[in-house]
Amino acid sequence: MAHYFESPTAGPARRRTISVNLRGEQVEVHTDRGVFSGDRLDPGTAVLLRTVTEPPASGVLVDLGCGWGPIALSMARAAPQARVLAVDVNERALELTAANARTLGLGNVETFTPDALLTAVPDLVIDELWSNPPIRVGKAVLHGLLRAWLPRLRSGAQAHLVVQKNLGSDSLQRWIAADLGFEVERLASSKGFRVLTVRGRGPTDGA
């Protein structure tokens, strides 16, 4: 199974409906082959959603690497007045996230490829970011991704990243602090996953 931010959608669609628990509520969602964790709620994503507190009630919230949308949908349900931006390179994943948002009556979810979003809003400022980032793409790609998005956090805003311990969560935490200069701490550790919280240092004005 290809991870988001790794390769474009491959193979014919085979959409299905599954039941998942999103932050305490059981919902039915559409999934498909060719997207990350297309047959279930990924264990790392489940740890993230159980761990983080409510997102800001308004502003710009980003799900980086949205897959079929569990993080974006959870953000949108928790903060109906916020603008939730679901980002992925996989067009099928974006279609699924949009379809799931419609099914659940969440009108505040927007879907974008990274290039499309940053072209449309080059001065984007993020009030909170949640992500199960693509560790398996390798350090160079992962580091480039975080260099592009973490500096967009508003001063004092937070990014919550869930990373599997045996895939380098501790070394990633050190890299974010040493190379990017962000304050970062381990928010939680559960079932072999770490949830890292990164605190923004700017910009300070909205997009």
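List of remarks:
- Centre-to-centre separation between the Cα atoms of region 139-207 and those of region 43-79: 15 Å.
- The chain - percent relative contact order, Cα under 8 Å, separation 6 or more: 19 percent
- Mean shadow area of the chain, taken as a quarter of the surface of its Cα convex hull (nm²): 10.3 nm²
- Peptide packing: for 31-39, 110-118, the average count of neighbouring Cβ atoms within 10 Å per residue gives the ranking 31-39, 110-118, highest mean first.
- Amide H within-cut-off set for GLY67, under 5 Å, with H built and near neighbours excluded: none
- Helix-only mean residue ellipticity at 222 nm for the chain, each DSSP H run of n ≥ 4 adding -39500 (n - 2.57), per residue, nearest 500: -8500 deg cm²/dmol
- Karplus-based coupling profile of region 175-180, in residue order and whole Hz: 5, 4, 6, 7, 8, 9, with θ = phi - 60° in 6.51 cos²θ - 1.76 cosθ + 1.60 and x standing for Gly or Pro.
- Under a Gaussian network description of the chain, with springs only between Cα atoms under 10 Å, the residue in VAL89, VAL52, VAL109 that fluctuates furthest is VAL52.
- Database remark: amide H of LEU22 closer than 5 angstrom to the amide H of VAL27 (H placed geometrically; neighbours at sequence offset of 5 or more, or on other chains; Pro and chain starts carry no H).
- Relative contact order for region 118-207, counting Cα pairs under 8 Å that sit 6 or more residues apart, in percent: 36 percent
- Whole-Hz couplings from phi, Karplus 6.51/-1.76/1.60, listed for region 34-45; x for Gly and Pro: x, 10, 4, 6, x, 10, 6, 7, 4, x, x, 4
- A straight chain from LEU167 to ARG23 at 0.36 nm per residue would run longer than the Cα-Cα distance by 49.3 nm.
Coordinate-derived values only; no laboratory data. Computed from a predicted model, the values in this text were never measured in an experiment. Here Cβ is always computed from backbone atoms with ideal geometry, including for glycine, and neighbour counts include all displayed protein chains.
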